[in-house]
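Just below is one structure, and these are the notes that go with it.
The values are calculated or read from the model by the stated rules, or taken from the named source; none is laboratory data. All values derive from a computational prediction rather than experimental measurement. We place every Cβ from the backbone using ideal geometry, glycine too, and count neighbours over all the protein chains shown. Keep in mind that these areas ignore ligands, DNA and RNA; they rest on the heavy atoms of the full protein, side chains included. Shrake-Rupley method; radii C 1.70, N 1.55, O 1.52, S 1.80 Å.
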Amino acid sequence: MLHLTRCFFTNSGEDPHIGHLYSLVIADVFARYRRILQPNRPVKFLAGTDEHGLKIQKAAHTKGLPPAEFCDMLSSRFRRLAEKAQVSNTVFMRTTLPEHHNTVTSIWKALMDKGLIYTATYSGWYSITDECFYTDTQVTEGPLNGMISRETGSAVEQHTEVNYMFRLSAFNESLLAHYRSGEHVFPPQHNAFILQTLEQNPLEDLSVSRPSSRLSWGIPVPGDPEQTIYVWFDALLVYLSGIGYPWNGGKGLEAGWPVDLQIIGKDILRFHAFYLPAILQALDLPLQGRLLTHAHWTVDQQKMSKSVGNVADPFSAIEEFGVDIVRFYLSRVGGRFRDDTDWSRIQLEKHDREVQSQLGNLLMRITSAKIAKRANTAHPLAISSISAGLQKESPILALLDATKFLPSKVYSSMEQLELGDALDEIMEVLRVANKTINDVAPWDKNTVPADVFACRTASLEALRVVGICLQPFMPGVSGKLLDTLNVPTGDRTWAAVEEEELLSRWVKPALWAEVKEAVRLF
């Protein structure tokens, strides 16, 4: 079973922005890809919302709402965003649900029984924004004479309190061995950061509770109502509560653990690379498969902020451009994950025009009644026969070669988590197809019917292969495209476009008689 996760740590309760949509879309692309690559292997895709913590507590108070009612409203917005974006998650877990409460208290008791949680007076640099303590080595002087986190830039202040502590330091060496054993975090720059941190600044024990007098909106420490479980300890366990932990009879693999791919923003890497794996090791559970740590979307090279007024609204973008175009843009421009990407309406419009031109217009042209009529006057041939009769420099032959190799190129990029590269390969085939039509000119009365038939057949086959490869990225448009080409639902898996299958298909007569005429995709 493949298990992907993307949960939202909702912080101060602001509305979802384009960065949240981006994370959802990226996770959904990988889920849809695995479903067509391995249709007999179940895919469990967990999304959800973390709804506890001091910032949520304060935001609810500001709104004049009980925290539970405020969280219901907040979570519904993220659910609505997932629905609008055609995200195919199989589970949506909330940290305010009883199932999650049971998981957290069960794990807390298990760690207490192992002596891995203890009480102590803790002093450190506390960030209200990040809702966590930092050590002396993790902070530095900020531009306004205050101290800030080196990692996030958030303001911190000295704070001392009696808390429960988790023996995080006990897992420094085992985590170091894990991250040295392979590239578990992508992009690789983050794996290097993790190794450097563990080697040069070994982990210290982690404060995992807060006085309930300061933080009441959360899960009480079992047996001690004066303390509330630390929001990040609570939130990270959503990945386990979402698949029913603790499992009866240890059936974790059947439930979907370990997760194959976990998708997070770079600002919460520490929690997912250190805290969660240490808890998993403490529970004798296997660690996550791969951790995809993406960069952020900015506006005018600035982090999105409601106070600055530069938040890009995902609902408006979907409403104006359509969900498939927005998904395409986010995946292509943001699909390399290494550097922050600027949200640009101009760039979105540019990608919209490119997809409509390269894909939409191509389908309209090659399925026109005029070209179909001329092609039908030629003797029908299999693609292999067409290919054998073409000159080496023929644009039709170039298109067939590009089509044949496209699935393996896309597969390679997807397995390497390079979504941007995968879409570049798809768009390159569409460019070749459009050039082929322009070069052959099948509408021209001087083009012989045999060439018209060859051009139409090769172009329709290219569109079929492109349509199957595009399904994870643009489910609506690709579905409409494949419907237009009359591709049966059962023939839309990756197996239908692998090279061996293509070569087998290409020795049979090309049957495109039931293709719909001149359908608009956009």
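Just one of the numbered conditions (1) open to solvent by 20 Å² or more (accessible area, probe 1.4 Å); (2) touching a helix residue (DSSP H, G or I) at 6+ places or on another chain (Cβ under 9 Å); (3) not aromatic (Phe, Trp, Tyr) is not true of Leu175: (1). Filtered by the rule that a residue be touching a Gly at 6+ places or on another chain (Cβ under 9 Å), among the acidic types (Asp, Glu) and closer than 21 Å to Phe78 by Cβ, the range 301-356 gives a lone residue, Asp324.
For the structure I just gave you, tell me whether Leu406 is under 28 Å from Val452 (Cβ atoms) and either under 19 Å from the mean Cα position of the chain (by Cα) or not polar (S, T, N, Q) (or both).
yes
Just one of the listed residues (Asp300, Asp339, Asp284) is exposed (fewer than 14 other Cβ atoms within 10 Å of the Cβ) and within 30 Å of Thr105 (Cα to Cα), namely Asp284. Taken over the range 189-217, the criterion of being in contact (Cβ under 8 Å) with a residue 40 or more places away in the chain, open to solvent by 20 Å² or more (accessible area, probe 1.4 Å) and either closer than 16 Å to Thr103 by Cα or among the acidic types (Asp, Glu) (or both) is satisfied by Glu204, Asp205.
Please find, among Glu99, Glu83, the residue that is free of Cβ contacts under 8 Å to residues at least 24 places away in the same chain and either part of a helix (DSSP H, G or I) or more than 17 Å from the chain's Cα centre (by Cα) (or both). It would help to see each step written out before you state the result.
On the way: Glu99 fails: free of Cβ contacts under 8 Å to residues at least 24 places away in the same chain.
Exactly one residue qualifies, and that residue is Glu83.
Within the range 445-487, being part of a loop (DSSP other than H, G, I, E, B), open to solvent by 30 Å² or more (accessible area, probe 1.4 Å) and in contact with a helix residue (DSSP H, G or I) (Cβ under 9 Å, 6 or more places away or on another chain) holds for Lys445, Gln471. Checked against the criteria, Leu176 does not count as among the aliphatic types (A, V, I, L, M) and touching a Phe, Trp or Tyr at 6+ places or on another chain (Cβ under 8 Å).
When Ser331 is tested against (1) hydroxyl-bearing (Ser, Thr, Tyr); (2) within 17 Å of Cys469 (Cβ to Cβ); (3) open to solvent by 40 Å² or more (accessible area, probe 1.4 Å), just one condition goes unmet, and that condition is (3).
Which members of the range 134-171 meet the condition of being surrounded by fewer than 17 Cβ atoms within 10 Å (Cβ to Cβ), closer than 30 Å to Leu283 by Cβ and modelled with pLDDT of 90 or more? Those that are surrounded by fewer than 17 Cβ atoms within 10 Å (Cβ to Cβ), closer than 30 Å to Leu283 by Cβ and modelled with pLDDT of 90 or more: Ser169, Ala170. Among the conditions (1) open to solvent by less than 50 Å² (accessible area, probe 1.4 Å); (2) in a strand (DSSP E or B); (3) free of Cβ contacts under 8 Å to residues at least 60 places away in the same chain, the only one that Met93 does not satisfy is (3).
Filtered by the rule that a residue be under 20 Å from Asp339 (Cα atoms), of a type in the set (Gly, Ala, Ser) and modelled with pLDDT under 75, the range 296-319 gives a lone residue, Ser305.
If only one of Glu514, Glu499 is within 30 Å of Leu292 (Cα to Cα), among the acidic types (Asp, Glu) and modelled with pLDDT under 95, which one is it?
Going through Glu514, Glu499 in turn, just one is within 30 Å of Leu292 (Cα to Cα), among the acidic types (Asp, Glu) and modelled with pLDDT under 95: Glu499.
Residue pairs whose Cβ atoms lie under 8 Å apart, separated by 6 or more positions or on different chains, with the first residue in the range 244-273 and more than 17 Å from Thr103 (Cα to Cα) and the second open to solvent by 50 Å² or more (accessible area, probe 1.4 Å) and among the charged types (D, E, K, R), are Asp260/Arg290; Leu261/Arg290; Gln262/Arg290; Asp267/Glu151; Arg270/Glu151.
For beta carbons closer than 6 Å, sequence separation of 6+ or different chains, a first residue in the range 398-419 that is within 16 Å of Pro187 (Cα to Cα) and of a type in the set (Gly, Ala, Ser) and a second that is part of a helix (DSSP H, G or I) and open to solvent by 20 Å² or more (accessible area, probe 1.4 Å), the qualifying pairs are Ser413/Asp421.
Taking Glu254, is it farther than 27 Å from Cys71 by Cα, open to solvent by 40 Å² or more (accessible area, probe 1.4 Å) and not in a loop (DSSP other than H, G, I, E, B)? Break it down into steps so the answer makes sense when it comes.
Details: farther than 27 Å from Cys71 by Cα: yes; open to solvent by 40 Å² or more (accessible area, probe 1.4 Å): yes; not in a loop (DSSP other than H, G, I, E, B): yes.
Spelling it out, Glu254 is indeed farther than 27 Å from Cys71 by Cα, open to solvent by 40 Å² or more (accessible area, probe 1.4 Å) and not in a loop (DSSP other than H, G, I, E, B).
In the range 401-411, the condition of being closer than 30 Å to Leu24 by Cβ, among the hydrophobic types (A, V, I, L, M, F, W, C) and assigned to a helix (DSSP H, G or I) is met by at least one residue. Of all the criteria given as (1) under 22 Å from Leu381 (Cα atoms); (2) modelled with pLDDT of 95 or more, the one not satisfied by Asp421 is (1). Set side by side, the residues Ile437, Ile396 differ, and just one is part of a helix (DSSP H, G or I), closer than 18 Å to Trp506 by Cβ and open to solvent by less than 20 Å² (accessible area, probe 1.4 Å), which is Ile396.
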